[in-house]
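To start, the structure itself, in structure tokens.
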Amino acid sequence: MSDMIITLMTFSPLVGVLLLFFIPKDSHGLLRGVALASTIVTFLVSIPIMTGFVTNAEFQFKEFYPWIAAGPFQMNYNVGIDGISLWLVILTTFIMPIAVLSTWTAVETKVKEYMIFLLLLEVGMLGAFVSLDMFLFYIFWELMLIPMYFIIGIWGGKNRVYATIKFFIYTMAGSLLMLVALIVLYFKAGAGDFNLLRFYGLNLPMATQTWLFLAFAFAFAIKVPMFPFHTWLPDAHTEAPTAGSVILAAILLKMGTYGYVRFAMPLFPQASEQFTPLIATLSVIGIIYASLVAMVQEDVKKLVAYSSVAHLGFVMLGVFALNQQGVAGGMLQMLNHGISTGALFLIVGFIYERRHTRLITDFGGLSKQMPIFATIFMIVTFSSIGLPGTNGFVGEFLVLIGSFESSLRWYTIIATSGVILSAVYMLWMFQRVMFGELKNPKNKELKDLNAREIAIMVPLVVMIFVMGLYPKPFIDKMTPSIDKMIQITRLKQQVVQAPAPQGMPAGMPMGHPGMPMGNPAHEGMPAGHPAMPVTK
Amino acid sequence: MLSLHSYLILSAILFSIGAIGVLIRRNAIVIFMCVELMLNSVNLTFIAFSKYLGNMDGQIFVFFVMTVAAAEAAVGLALMIAFYKNRESIDVEDLNLMKW
Amino acid sequence: MGFELFGLPMIYYIAMVVKVLVVFVFVLLTVAYATYAERKIIGHMQVRLGPMRTGWHGLLQPIADGVKLFFKEEIIPSQADKFAFLLAPVIALIPAFIGFAVIPFGDTIEVMGYKIPLQIAAFWDQGSNKIVDLNVGVLYILALASVGVYGIVLAGWASNSKYSLLGGLRSSAQMISYELAAGLAIISVFMMSESLSLQKIVADQAGFGWYVFKQPLAFILFFICSLAEINRTPFDLPEAETELVSGFCTEYSSMKYAMFFMAEYANMVTVCAVTTTLFLGGWHGPAFLPGWAWFIAKVYFLIFVCMWIRATYPRYRYDQLMRLGWKVFLPLTLLNIVVTGLIYR
Amino acid sequence: MLGAYLPIILLVIIAAVFGFASLCLSSLIGQKKSSAVKLAPYECGCEPVGTARERFSVKFYIIAMLFILFDIEAVFLYPWAIVYKKLGMFGVMEMAVFIVILFVGYIYVWKKGALEWE
Amino acid sequence: MLQFPANIAAAAGVNFAAIMPEVILSVIAMALLLVNVFIKSEQKAYLGYLSLAGIILTFVTVISGWGTAQSGFNNSVLQDNFALFFKGTFLVSAFLTILITDQYLKREECNWGEIYPLILFATVGMMLMASGTDLMTIFLGLEVLSVSLYVLAGFNRANLKSNEAGLKYFLLGAFSTGFLLYGMALTYGATGTTRVAAIASYISQNGMVLSNPMLLAGMLLMAVGFSFKIAAAPFHMWTPDVYEGAPTPMTAFMSVGPKAAGFAAFLRVFIVAFPAMKADWSELLWVLAVLTMTVGNITALYQTNIKRMLAYSSIAHAGYVLVGFTAGNAVGTAGVLFYMLSYAFMNIGAFAIIVLVGRKGEDNNNVSDYAGFGFKHPVLGMCMSIFLFSLAGIPPAAGFIGKFYLFSGAIQAGYVWLAIIGVLNSAASVYYYLRVMVFMYMKDPTEEFDWLQVSPSLALCLLLSVAGVLIPGILPGSLLDLAQKALLM
């Protein structure tokens, strides 16, 4: 059974979908229960993956079945997990039960369909993270769109139709370009199959790389979202129902950054090196711009949405630093952002459910009325700001260290101001909502969090502290894979730029055993510096 | 005797007259007659080529074109009658129920 | 012989002009006297005398009629489409008179060593020593029959009179219906002769190998259909005086009316000539008379039959007429083709 | 072939001249005393009612269409008739099939009542 | 690819095996025509069943013929795998169309049995187009198809829109036939033959293509004629009006079968007869493809009538298919085959829903009339969503695989920009497909949809369509393989 565990995990929500089909649409309790059970089962199935993951750079739990063979094409069902995807998979399975729980009372209409879409979404996300066949990845990537489209469009806010179509078309346009690039890549690789690992071994000419990278980068940039492709995000976030926002923020956005780490950079190293300044610029602009915009938001949810843009700017900066700290920080920041921003959206959802408004001016002084809520809100806010002791700190710190030590030093310095800005807008918002006078009479009726809501938040809060105080296991498991990714990328950058040393095999052994943090191996080495050897 | 070119030029002229007629005339029947003119100019082309090449294919083709033109005429007139019954007009300007 | 034009000797042109003029005059005279003959024959059949005043036994009657019509007032109804109104009789007239062109009306004669076929649209090709005639003669006849319809429809439409319109429509419907049956009926003749050339068809019937014996059904069908096609009684509905006040020519007067009248009789002559050619052996006959005499005799006999029919049968009702054409004649002609195909394989 | 067509052209010219000459002659020598009433379309002596260019029975169209269709089928029979002896049994069967198909349409038209004239 | 098989190139004379499907279907259609006039109007549905049986019978013939090439009638027809694949497509579309016809006819009270033989005759015409290897045969097939379609488009004769559609289609269809024919005539004059294979050998022997303007003009005019038939811009003007006005099942049929037939003949003529001029015609098709996609998609964005919207969408789809055609390689061409088959399922499926939702007099066909439909009828809503997603080219529907193949073909042949324009169009097209779903799921219902009645045959059509969209979408291997094999013989 264990050799099929990824399949089992990926498709176990489908069992829930099948069950839901046969449950009458009026028995809401049962529907919710089954959906919750299904996500919890999925989470449970994913635990052996986490525990059974051996810390090395190899893909594990691999499965391979031929799927489509037609003409020059060979697509396979090829899945596996490495350190990069491991935590994102776990994050997904971890967030999903919480998302389902969060909709317990928020969604009262068309519960059956809602739950079906949530579960389908989970299949899509898990599938995209575990795919090693690029065609399969693309299928899952697109598959995520449909449920999300419905979730925002049907259960969203007033402006939901606009938001959801914008979301869909933006993402679709990007991913279709990626598809074209994928096909080009396939033919450039000499037809065979869509195996990602095979593509890693390619040495493409610079011009090809440039175009392909642009296509992939465009698709992922929309998903991240990077400035200036971010405009769909505030709309989608604001209009989506709470669970939608949570999933969107916690997982879907990670698809973009994951795409860079897994595909765009290692596949097209020289191009990614060439475009590093551009991407870094956009990231920094994104950080500053989103922070500034967040500051003036009236709507809490919009504020959180813009904070997402800013946070993901940090992730991108870290990833493109292309050294161990940077990438690891970026990866960790992806998890952190998933947890803390997810939690923030949940929190916004809680008060929205009570007051049906999200305007900051409608609130004030809630802390007196809702002490538990206030406490949790505060913890999550600190996590989002990146206060030491919370998870946010570790990630942000690593990113800044990493990128400071890379060629992106000056970008880092500017980006650091984003950290301060984030503290400003988050705390200001927190202050306006929670403290001050309890002026609005409607707020006097507010009840504090109930048991279910606390149950939802507790795991997140726990994770905030666990990851903030003891991030080592997380980082350790991903480090070999990150090293390998950096190696692939760097190595090929060098192959083209400097004449390759004699006898250097194209596919050098990549298994670089886990380097402890702070290993000076690459310290101070600007990414892509031509003279610098990658391996000792 | 007349050369192949004269036939071809004549048929090209007829074809153009037909095509232009289709585009500028407003009466459905006239338009249809212009279409028939086009078809017949094609027939002329076929016959001229057939004669020139000493090859019967072109003439056989003309048979089929004529047959088809007849069938089209029958169907077309039926459609025009049906339209006229409901609309009291066969002016293509009145084919305007659907526009984008 | 020295002078040539388009590769043809001068004598060809002379023969051509002579033949054309002779035939034209012959048809014109036949038409004129067919009107007279009709009145006389029917008169006598109905125990009347017919025209008696002008000339001996009224022999000058056709000329008198012609002169009278010339002096009649020409009326073009208001609101009529003037151009079409004037054009219609000419369109009716021309095909009626030129149909004769492809009919071989006698054996080949020799003048100064140059063979002249007695057929307008034919000549002797000295190179191959063969008579060349229009190899699609029958199609020519059928085509002219179709053109003739235009004259009548145009007349009916241009007159701007309800009777005319209805008459024109009726006649066109009738003509095309029977044209179809007639066209299908003669296919069996082509199957026998394996040619559309009337010269060849006539040649095949030499020595009493007349197609009327081999294809009696086709002969009957073709002759009746032809009567209907030229609007002869009992199928003269388009001009039914009692119903439609002469149908399509209600509004026509003077010479224009005469032209329709002439066209009708010329058509009759042509049809009889075609029937003779296709079924009655053309100009073939016992040698004691020249070919052209046999031909004329046969044609006149058929014209007489037409008049005889007119004297005998009442007019059909329109629905009966159409039913006869579509439901009886059409399947019969198809059947005839299949049977012929099976027998004369 | 020109030799066979030239006389026809001549005949056409003669017939046309004859036709147009009669037209012109009669209009030249005929009397001209027209009046509005005389020029009115004939309607049994009454005032003409409405226009004559009205709609008329669709039957005429149907007959016309049927004619076109069947006539064109006849077009196929003519060349066949010329060569059917050379084609042998195959030719006969081929045309039998053709006529059967024609007959299917014929029966359809008959049963649909297109040949009824009421 | 698509070459005339050498081993049977010499085969001449009659060979009924080469036109067996056509023969069977024509005989059945004629029999139905006769049966139709002898039965009562309540029994007309039997005609539908009979025609379905006939289609199945023909389909069996088609399947049993797979793998063997039959040439006949002096090489004017060639039933190879290519033809058989298309014949299968036509039969599928006719089958699905007939399944939704009955309900429509009853609703519109125009329950005349002629529609079934007409559909079958149109199918015969399409099949003839697919297997025609002589311009004459192709033309005949095209006209058998077109004449039937003119009638079908105007079939609802009491409805003014249907009249108008029929008349418009007729006038423009006949017009385009003129161009096609003129092209054929010039090609014939330039090469002295109408057989496509002989045209190709003439060109290869005589070379100097560009120095023969007549041939080039012939090819261009033929391209224009075919473009009319497949509704490629700028020759697409008739499509929206005709599709909107025609009876809905006929719109479904027209948008699928004839288009596929047009492509079959287009492909056959251009790939077999003009391989030497590929450089010329692929330039032309490039432009056509871009125009067609763009015009179709952009205009579809503004439509409010769902039939009209799908009409523009079908124009756009012709554009995608032209992308594969432009590529002209094995992948692209196989993509055309695959796409046309899957398009049959998804489009007819969508039209089945439109038939259901519509009301007498072609009413209720606005996109806004679908408000709340998805939740009132979850299963039907799901079907419609699947069809729309497939049309939009979103996995795991067959439409995605089809587009993937078409664009792959273009990319393999080096037309990367064409593929990019294609996918951008595809992304834009998502908007109007989604708009239907927006109304279906995201607007409050204005109607109860309680009049909806799903007849068993319509349900069968939906079932088949969903299967035809999802199964090749998830496991396209065997069908793609079939499409590839269709080209190799």
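The values are calculated or read from the model by the stated rules, or taken from the named source; none is laboratory data. The structure displayed is predicted, hence computed values, not measured ones. Quick reminder, even Gly has a Cβ in these numbers, built from the backbone with ideal geometry, and neighbours come from all protein chains shown. Surface accessibility is based on the protein's heavy atoms, side chains included, excluding ligands, DNA and RNA. Shrake-Rupley method; radii C 1.70, N 1.55, O 1.52, S 1.80 Å.
Compare E:Ser26, C:Ser164 by solvent-accessible area with a 1.4 Å probe and give them largest first, with all protein chains kept in place.
On the way: E:Ser26 25, C:Ser164 0 Å².
Listed by decreasing accessible area, they come as E:Ser26, C:Ser164.
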*In whole Hz, with x marking every Gly and Pro, tabulate ³J(HN,Hα) for the stretch E:142-155 from phi via Karplus 6.51 cos²θ - 1.76 cosθ + 1.60, θ = phi - 60°.*
4, 6, 4, 5, 5, 4, 4, 5, 4, 5, 4, 5, x, 5
*Measuring from a point 7 Å past the Cα of B:Ile60 along Cα-to-C-beta, which residues in the stretch E:178-193 have an amide N at less than 20 Å?*
E:181-193
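If you add up the charges near C:Phe97, with Lys and Arg at +1 and Asp and Glu at -1, over every other residue whose beta carbon is less than 15 angstrom from its beta carbon, what do you get?
Cβ neighbours under 15 Å give a net charge of 0.
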*How many Cβ atoms of partner chains, on average, are near each residue of A:155-168 if near means within 10 Å of its Cβ?*
2
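Kirkwood hydrodynamic radius (Cα pairs, Å) of chain B? Show your work: numbers first, answer last.
Values: mean 1/r = 0.0664 Å⁻¹.
About 15.1 Å, per the Kirkwood formula over Cα pairs.
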*Note down the magnitude of the dipole of the stretch A:276-497 about its Cα centre, charges +1 on Lys and Arg C-beta and -1 on Asp and Glu C-beta and zero elsewhere, to the nearest 20 debye.*
200
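Can you give me the orientation-averaged projected area of the convex hull built on the Cα atoms of the stretch A:202-293, in nm²? All intermediate terms of the calculation are to be shown ahead of the outcome.
Numbers: hull surface 24.0 nm².
About 6.0 nm², averaged over all directions.
Consider all pairwise Cα distances in the protein assembly as shown and report the whole-number % of them above 48 Å.
Numbers: 644559 of 1260078 pairs.
Counting every Cα pair in the protein assembly as shown, those more than 48 Å apart make up 51 percent.
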*Quick one: Debye curve from the alpha-carbon atoms of the stretch B:24-83 only, equal weights, vacuum; give me log10 I(q)/I(0) at q = 0.15 Å⁻¹ to two decimals.*
-0.52
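With all pairs of different alpha carbon atoms counted, what Kirkwood hydrodynamic radius in Å does the stretch E:143-244 show?
Working: mean 1/r = 0.0671 Å⁻¹.
After inverting the mean inverse Cα-Cα distance, the result is 14.9 Å.
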*Tell me, in nm to one decimal, what length is gained between A:Gln369 and A:Lys62 on full extension, where the rule is 0.36 nm per residue of separation less the Cα-Cα distance?*
105.3 nm
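Only four residue types carry charge here, +1 at the Cβ of Lys and Arg and -1 at the Cβ of Asp and Glu. Report the dipole size of chain A about the Cα centre in Debye, rounded to the nearest 20.
Details: 32 positive and 27 negative charges, 132 e Å.
It comes to approximately 640 debye.
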*Placed amide H near C:Gly106: partners under 5 Å, 5+ positions off or other chain*: C:Leu118
_So if I place +1 on the C-beta of Lys and Arg and -1 on the C-beta of Asp and Glu, and nothing else carries charge, what would the dipole magnitude of the stretch A:118-249 be about its Cα centre? I want it in debye, nearest 20._
200
*Would you mind checking which residues have amide H under 5 Å from A:Ser407's amide H? H placed 1.01 Å from N; only 5 or more apart, or other chain.*
A:Ala527
*How big is the accessible area of E:His377 in square angstrom, nearest 10, if you roll a 1.4 angstrom probe over the protein chains?*
50
*So if R0 is 25 Å, what FRET efficiency would C:Asn135 and C:Tyr344 give, r being the distance between their Cβ atoms, rounded to the nearest 0.05?*
0.70
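If I take R0 = 35 Å and measure r between the Cβ atoms of B:Ile17 and E:Leu301 in this structure, what FRET efficiency does the formula 1/(1 + (r/R0)^6) give, to the nearest 0.05?
My answer for the efficiency is 0.35.
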*Take the Cα atoms of the stretch A:110-233, find their three principal axes, and give me the spread along each one in whole Å, biggest first.*
50, 29, 16
*Over the stretch E:274-489, what percent of the accessible surface lies on carbon and sulfur atoms, probe 1.4 Å?*
66
*Report C:Arg48's accessible area, 1.4 Å probe, all protein chains in place, as a number in Å² to the nearest 10.*
120
_Spin-label model distance (nm) - C:Ile14 vs E:Leu475, 7 Å beyond Cα toward Cβ_ = 9.4
*Once phi is turned into θ = phi - 60°, what whole-Hz ³J(HN,Hα) does the Karplus curve with 6.51, -1.76 and 1.60 give for every residue of the stretch A:390-406, x standing for Gly and Pro?*
9, 5, x, 5, 4, x, 5, 5, 4, 4, 5, 4, x, 6, 5, 7, 9
*At a Förster radius of 41 Å, what calculated FRET efficiency corresponds to the Cβ-Cβ distance of C:Phe213 and E:Asp280, to the nearest 0.05?*
0.05
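Would you calculate the volume per residue, in Å³, of the smallest convex hull containing every Cα atom of the stretch E:274-489?
Enclosed volume per residue, from the Cα hull, is 120 Å³.
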*Between the stretch D:66-112 and the stretch E:306-344, what is the C-alpha centre distance in whole Å?*
40
_If I ignore ligands, DNA and RNA and count only protein heavy atoms, how much of A:Lys444 is accessible to a 1.4 Å probe, in Å² to the nearest 10?_
110
*In bins 10 Å wide, starting from 0, what share of all Cα pairs of the stretch C:165-275 does each bin hold, as a percent?*
14, 39, 27, 16, 6
*Considering amide H positions built from the backbone, and no H for Pro or chain starts, which residues 5 or more places from A:Gly71, or on another chain, come under 5 Å of its amide H?*
none
*Between their Cα atoms, which of E:Lys278/E:Lys485; A:Lys302/A:Lys447; E:Lys168/E:Lys403 are more than 28 Å away from each other?*
E:Lys168/E:Lys403
*asked:* Can you work out the Karplus-derived ³J(HN,Hα) for every residue in the stretch E:56-69? Use 6.51 cos²θ - 1.76 cosθ + 1.60 with θ = phi - 60°, whole Hz, and x for glycine or proline.
replied: 4, 4, 4, 4, 4, 4, 4, 5, 5, x, 4, x, 10, 9
*Got a sec? Charge dipole of the protein assembly as shown, +1 on Cβ for Lys and Arg, -1 for Asp and Glu; which of A:Gly338, C:Leu198, E:Leu25 is way out at the positive end?*
A:Gly338
*Cα convex hull of the stretch D:57-118: mean projected area in nm², to one decimal?*
4.5
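Would you mind computing the Rg to Rh ratio of the stretch A:276-497 from its alpha-carbon coordinates, Kirkwood style for Rh? Don't skip to the answer; put the middle values down first.
Working: Rg = 18.8 Å, Rh = 18.1 Å.
Value, to two decimals: 1.04.
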*Measuring from label point to label point, each 7 Å out along Cα→Cβ, what is the E:Glu448 to C:Asp125 span in nm?*
8.6
*Helix B:4-24 versus the longest principal axis of chain B: what angle, 0 to 90°, nearest 10, using Cα atoms?*
10
*Distance from a point 7 Å along Cα→Cβ of C:Val67 to each backbone N in the stretch C:31-55: keep the residues under 12 Å and list them by number.*
C:54-55
*Measure off 7 Å from each Cα along the Cα-to-Cβ vector at C:Arg317 and E:Asp363, then give the distance between these two points in nanometres to one decimal.*
4.5
